[in-house]
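Bear in mind that the values in this text are calculations on the coordinates, not laboratory data. Please read these numbers as outputs of a predicted model, since none were measured by experiment. Heads up, the Cβs are rebuilt from the backbone with ideal geometry, glycines too, and the neighbour counts pull from every protein chain shown.
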Amino acid sequence: MDKPERARLIASAIEDARIGDLIIPEPAEIRHVTRVHDPGLVTFLSVLHDEWTSTYPGTDTLPESAVAPGMRRVVPVSLRGRICYYCFDTCTPLGENTWNAALASAGSALAGVDALRASEPNAFALCRPPSHHAGSSFYGGYCFLNNAAIAARAWVDSTSTRCAILDVDYHHGNGTQQIFYDRGEVLYVSIHGDPSLTYPFFSGYEDETGTGEGLGANFNIPLRHGAAWQAYAPALDRALEAIARFGPAVLIVSLGVDTFELDPIASFRLKTHDFFQMGALISQGGLPTLAVMEGGYAIEHVGTNVVQFLTGLGHPDARNRALDAYPDGNEN
């Protein structure tokens, strides 16, 4: 599902819409990555492809088992054991160029942080591969490094101010939640499909609110199967109210457009113009905002949907324009 074509189509749509300049940032330095991820995971990902292809030529880099309750979570010596330790699903193979792509993806998010620090009101990181399923010591869900978390950590470390992450991808960002679950300086808010029905299944329930210093800094809003804008808009209002209460200096949006009605692996029913409304509502918080690309697999529509969101986010009169178009708050 996570094809290179996705990024090319989004970049092309942004250029056609003339809503911003595209730059190619430097890959992330390992020192930024290891502020979020366990060095063991980082080393494993960096060498996995070469070691695997030389040891098991012609086979996919996928695990054959998982750590079940009651088993010991220890790093095995064997390569086949280590991939079972670090990878939590069977749909995330790692290819020849994946590691370099992951570093480039994280570098895009860090360039977005630099833009906000330079007083840009908004920035967009066209990240691929996506990131929000990658945790401190595990990967999966097409995600290897957590770009949103790396960006949030870089912001907090360089400014000593709070940061909020709003995850609007259809799937819950279990990795982002895990990374900050016991930390109080980053608020994680996610609107997503009911985890009892959809991937990743074991994360994203409403009663997951954080622990220790992070208690209350994790806020999940799962929605029913088939939710359209009529259900999504109130959830977004709740999310934005939680962010306002937290009082961050900056907002990072994990931007998944797989909430679109034609997405092949999701069930929500948002329409293209709903993404404009989403960006417009988010903009009303007045926070410098970095949007980090996550999922969205309706290939023919992904670029248009991203442009609609960014247009809503970036125009000062966007909310009024959106409300004029949909005065009842629901065009469905």
### Task
Could you line up 15, 261, 64, 294 from fewest to most neighbouring Cβ atoms inside 10 Å?
64, 15, 261, 294
### Task
Treat each spin label as a single point 7 Å out from the Cα along the C-beta direction, and report the residue 182 to residue 38 distance in nm.
1.3
### Query
With the dipole of the stretch 122-258 worked out from charges on the C-beta (+1 for Lys and Arg, -1 for Asp and Glu) around the Cα centre, which of 205, 220, 173 lies farthest toward the positive end?
173
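Would you order 61, 209, 176 from fewest to most other beta-carbon atoms within 10 Å of each residue's own beta-carbon? Each step should come with its number before you reach the end.
Numbers: 61 18, 209 14, 176 31.
In order of increasing Cβ crowding within 10 Å: 209, 61, 176.
Among residues other than residue 79 whose Cβ falls under 14 Å from its Cβ, what is the net charge (Lys/Arg +1, Asp/Glu -1)?
Working: positive: 80, 82; negative: 50, 51, 60, 64.
Here the charged neighbours net out to -2.
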### Summary
With +1 on the Cβ of every Lys and Arg and -1 on the Cβ of every Asp and Glu, the dipole magnitude of the stretch 12-93 about its Cα centre, in debye rounded to the nearest 20, is 540
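Residue 80 to residue 262: extension gain in nm, 0.36 nm per residue of separation minus the Cα-Cα distance?
Working: separation 182, 0.36 × 182 = 65.52 nm, distance 3.71 nm.
Roughly 61.8 nm would be gained on extension.
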### Query
Hey, what does the equivalent ellipsoid look like for the chain, semi-axes from the Cα gyration tensor as sqrt of 5 times each eigenvalue, largest first, whole Å?
31, 21, 20
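To the nearest 500 deg cm²/dmol, what mean residue ellipticity at 222 nm is calculated for the chain from DSSP H runs of n ≥ 4 alone, each contributing -39,500 (n - 2.57), summed and divided by the residues? List each step's numbers first, then the result.
Working: 11 runs with 137 residues, N = 332.
The helix-only estimate for the chain comes to -13000 deg cm²/dmol at 222 nm.
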### Message
For the chain, take the longest principal axis of its alpha carbons; what is the angle in degrees between that and the long axis of helix 299-314, to the nearest 10 within 0 to 90?
### Response
60
### Query
Tell me, in nm to one decimal, what length is gained between residue 201 and residue 158 on full extension, where the rule is 0.36 nm per residue of separation less the Cα-Cα distance?
12.0 nm
### Query
So how compact is the stretch 168-323: Cα radius of gyration and Dmax in angstrom?
14.7, 44
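How much length, in nm to one decimal, is gained on full extension between residue 73 and residue 237, taken as 0.36 nm per residue of separation minus their Cα-Cα distance?
Values: separation 164, 0.36 × 164 = 59.04 nm, distance 3.94 nm.
Gain in length upon complete extension: 55.1 nm.
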### Computed FRET value (nearest 0.05) for residue 50 with residue 299, which takes r as the C-beta separation and R₀ as 35 Å
0.70
